[in-house]
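Below is one structure, written out as structure tokens, with a few remarks after it.
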Amino acid sequence: MEVVIVQDAQAGGELIAEGIADLLRRKPDALLGVATGSTPLPIYDALTAKVRSGAVDVSRARIAQLDEYVGLPAGHPESYRSTVLRQVVEPLGLDADAFMGPDGSAEDVQAACEAYDRALAEAGGVDLQILGIGTDGHIGFNEPCSSLASRTRIKTLTEQTRIDNARFFEGDIDQVPHHVITQGIGTILEARHLVLLATGEGKAEAVAQTVEGPVAALVPASALQLHPHATVVVDEAAASRLKLADYFRHTYANKPAWQGL
Ligand code: PGA
């Protein structure tokens, strides 16, 4: 795992957007796995700026969703489908058919999960998966004690995650769904490159456990240690509990090995 410590969230977004631009120059129809939440927004802003300035052509890129709430009415503004269309697909000027995601309103949720795993494989697999991390160490919506080999499936959110996400539902936890579909940890590990961005002091403990703790289902993001090409980009605040921070600064010096590949 390479750990790149950057000054702030904006620098992290810029660095990852440049990595995505590099990928798209090598592989214009790359399948980009995107995450929702507040953390990745600087990535999407920086990538959109690159598209508008002509620095990268994303017209053949494809976008895959990581997770979804179950039971929100179709078109609900806080469904992750609506969120990804609004924050990624539309700003990048892509058509809605460049986008794939699990069907959170399917009658047979299990079948929808299996269909999504198959669709990802048939699309050639995710080339680069952007990840955030929950304060409890989740990736996607794989809450603590998710199987490290799990596939896309339905999960129940922890109270902590529902509290964390209430801000997207007028601060009202009762509006936050209890159930979600998430790519499993095993599914996520099939992406060719995993890039996790974490910013702010609130993520420092989860980052330390992910990077320097044991691989454990209690900290789902620690499964990144099993991946041959995982990059963790953290700002100074999120890096504040890393024992090896100086080593990481020295080794990666704000420039991950994957840049310019
Ligand atoms: P956040 O969410 O980026 O809004 O903090 C991260 C996550 O829950 O994965």
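Below, the figures for the structure above:
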{"read-out": "Heavy atoms of Glu18: accessible area, 1.4 Å probe, square angstrom to 10", "value": "50"}
{"read-out": "Fraction in percent of alpha-carbon pairs per bin - 10 Å, region 95-165", "value": "16, 44, 35, 5"}
{"read-out": "Listed residue (Pro73, Thr83, Thr156) projecting farthest to the positive dipole end of the chain, Cβ model", "value": "Thr83"}
{"read-out": "Among Ala257, Gly184, Ala237 - extreme Cα towards positive end, dipole of region 179-261, charges at beta-carbon", "value": "Ala257"}
{"read-out": "Overall form of region 111-213 per C-alpha gyration tensor (a/c, 1.5; a/b vs b/c)", "value": "oblate"}
{"read-out": "Listed residues Leu85, Leu197, Leu31, most fluctuating in the chain (Gaussian network, C-alpha, under 10 Å)", "value": "Leu85"}
{"read-out": "Positive-end residue, the chain charge dipole about Cα centroid, Cβ charges, pick of His138, His227, Gly213", "value": "His227"}
{"read-out": "Share, in percent, of DSSP beta bridges within the chain that are antiparallel, nearest 5", "value": "30"}
{"read-out": "Rough spin-label spacing in nm, given labels placed 7 Å along Cα→Cβ, for His179 and Ala123", "value": "2.4"}
{"read-out": "Solvent-accessible heavy-atom area per residue, rounded to whole Å², over region 99-152 at 1.4 Å", "value": "38"}
{"read-out": "Choice from Gly125, Gly12, Gly37 with maximal GNM fluctuation in the chain (Cα, 10 Å cutoff)", "value": "Gly37"}
{"read-out": "Computed [θ] at 222 nm, deg cm²/dmol, the chain (DSSP H ≥ 4; -39,500 (n - 2.57); rounded to nearest 500)", "value": "-8500 deg cm²/dmol"}
{"read-out": "Magnitude of the charge dipole, the chain, Cβ model with Lys/Arg +1 and Asp/Glu -1, debye to 20", "value": "720"}
{"read-out": "Charged-residue dipole, Cβ positions (Lys, Arg, Asp, Glu), region 4-72 about Cα centre, Debye nearest 20", "value": "340"}
{"read-out": "Value of Rg to Rh for the chain (Rh from inverse mean 1/r over Cα pairs, i.e. Kirkwood)", "value": "0.94"}
{"read-out": "Euclidean distance of C-alpha centroids, region 158-214 and region 32-76, integer Å", "value": "17"}
{"read-out": "Size-normalised alpha-carbon gyration radius of region 12-81, reference 2.2 N^0.38 Å", "value": "1.22"}
{"read-out": "Under Karplus coefficients 6.51, -1.76 and 1.60, residue-wise ³J(HN,Hα) of region 155-167 in Hz, glycine/proline x", "value": "9, 9, 6, 6, 4, 4, 5, 5, 5, 4, 8, 4, 4"}
{"read-out": "Cα-based Rg / Dmax (Å) for region 171-261", "value": "15.0, 46"}
{"read-out": "Residue order for Ser146, Ser53, Ser38, Ser82 - accessible surface, 1.4 angstrom probe, largest first", "value": "Ser53, Ser38, Ser82, Ser146"}
{"read-out": "Lys, Arg +1 and Asp, Glu -1 on Cβ, resulting dipole of region 175-261 about Cα centre, debye, nearest 20", "value": "160"}
{"read-out": "Share of carbon and sulfur in the accessible heavy-atom surface of the chain [1.4 Å probe, %]", "value": "53"}
{"read-out": "Nearest-10 value in Å² for the accessible area of Thr135, using the 1.4 Å probe", "value": "60"}
{"read-out": "For region 31-160, alpha-carbon Rg over 2.2 N^0.38 Å", "value": "1.06"}
{"read-out": "Loop sites in region 1-85: chymotrypsin sites (Phe, Trp or Tyr not before Pro), DSSP, at most 10 other Cβ within 10 Å", "value": "none"}
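The values are calculated or read from the model by the stated rules, or taken from the named source; none is laboratory data. Note that the structure is a prediction, hence the values are computed from the model and not measured. Cβ sites come from the backbone with ideal geometry, for glycine too, and all protein chains shown count toward neighbours. These area figures cover heavy atoms from the full protein model, side chains too; ligands, DNA and RNA do not enter into them. Shrake-Rupley method; radii C 1.70, N 1.55, O 1.52, S 1.80 Å.
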